[in-house]
1. Taking the beta-carbon count within 10 Å as an exposure proxy, list L124, L52, L68 from fewest neighbours to most.
2. Under unit Cβ charges (Lys, Arg +1; Asp, Glu -1), what dipole magnitude, rounded to 20 debye, does segment 1-122 have relative to its Cα centre?
3. Can you give the extra length, in nm with one decimal, that the chain gains between N97 and T152 once fully stretched, where that is 0.36 nm per residue apart less the Cα-Cα distance?
4. If you stretched the chain out fully between K63 and E192, how much longer would it get, using 0.36 nm times the residue separation minus the C-alpha to C-alpha distance?
5. Just list whichever of K41/K138; K41/K63; K26/K63; K105/K144; K144/K166 have alpha carbons separated by over 25 Å in the model shown.
6. In percent, what relative contact order does segment 1-87 have, based on Cα pairs under 8 Å that are 6 or more apart in sequence?
7. Go through (i) 63, 40, 29; (ii) 58, 35, 31; (iii) 48, 37, 35 and flag the label whose value is the computed Cα extents along the principal axes in Å for this structure.
8. Based on DSSP, what percent of beta bridges with both residues in segment 84-210 are antiparallel, to the nearest 5?
Amino acid sequence: MSVLYVISTPIGNMQDITLRAIETLKTVDFIICEDTRETSKLLHHFEIKKELISSNAQSESRKIGIILDRISTGQKAALVSDAGTPCISDPGIRLVNAAIQKQIKVVPIPGVNAAITALSISGLPTDSFVFEGFLPQKKGRQKKLTELSQETRTIVLYESVYRIEKLLDELNQYMPNRFVSVCRELTKMFEEVWQGYPSEIISKLNVKTIKGEFVVVISPVDWKDSHDRIDK
């Protein structure tokens, strides 16, 4: 049966992979990944040998046809990202959409996701939240921040090491009284979490050498419990 598995992989700690994910990776005919070097590390750790096809943001469009032709012949394929759940602020959604259009069965193999992981330890409301991924780098960034400053749901953002200080400065400007949880290198050896108002977190980060990937969780505009938290 033609099938495309969408498999979540660890965001740092290899032990976070599921048994089902390991078994599926062992049984597919080939694996579609962002970076063959990163996926090779995962496969080597679990002693899995499979053909890898690189499909990233730049190459996905031109490789979709080749990949789907192989799946259509009855081969089973797995889609993975460098870390976490594919298609969530990562390449893959165009491939999944094209597979659905061709009536190829798409099967999720769930697992860890950085946004949900950060949200679960933020102490902020989780009954309703909005995931914005990476904010626009230039055009539309200020407009988006203005919109988010009035957001009544918890906000989850991704940010790179190169722009985390800029983002915190912007949050201090647009949302100075919002409680924020900043997570760095989740599940990895140097995992860190800072919580407080933007100005407080800025002062803590300034004394550190900042590296790694970040998830930023921001309280809703009308959330009052942050004022009653145990400070520091």
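1. Details: L124 24, L52 16, L68 19.
In increasing order of surrounding Cβ atoms, one gets L52, L68, L124.
2. Dipole magnitude for segment 1-122 comes out near 340 debye.
3. Numbers: separation 55, 0.36 × 55 = 19.80 nm, distance 3.11 nm.
Gain on extension, N97 to T152, equals 16.7 nm.
4. Working: separation 129, 0.36 × 129 = 46.44 nm, distance 3.78 nm.
Value of the extension gain: 42.7 nm.
5. On the way: K41/K138 34 Å; K41/K63 23 Å; K26/K63 23 Å; K105/K144 36 Å; K144/K166 15 Å.
Flagged as over cut-off: K41/K138; K105/K144.
6. Working: 132 pairs, mean separation 45.6, N = 87.
Relative contact order comes out at 52 percent.
7. Only one option fits the structure, namely (ii).
8. Working: 5 of 10 bridges.
In segment 84-210, approximately 50 percent of DSSP beta bridges are antiparallel ones.
Bear in mind these aren't lab numbers, they're just calculated from the coordinates by the rules spelled out. Just so you know, these numbers come straight off a predicted model, no measurement behind them. Counting neighbours? That spans all protein chains shown, and the Cβs are built from the backbone with ideal geometry, glycine included.
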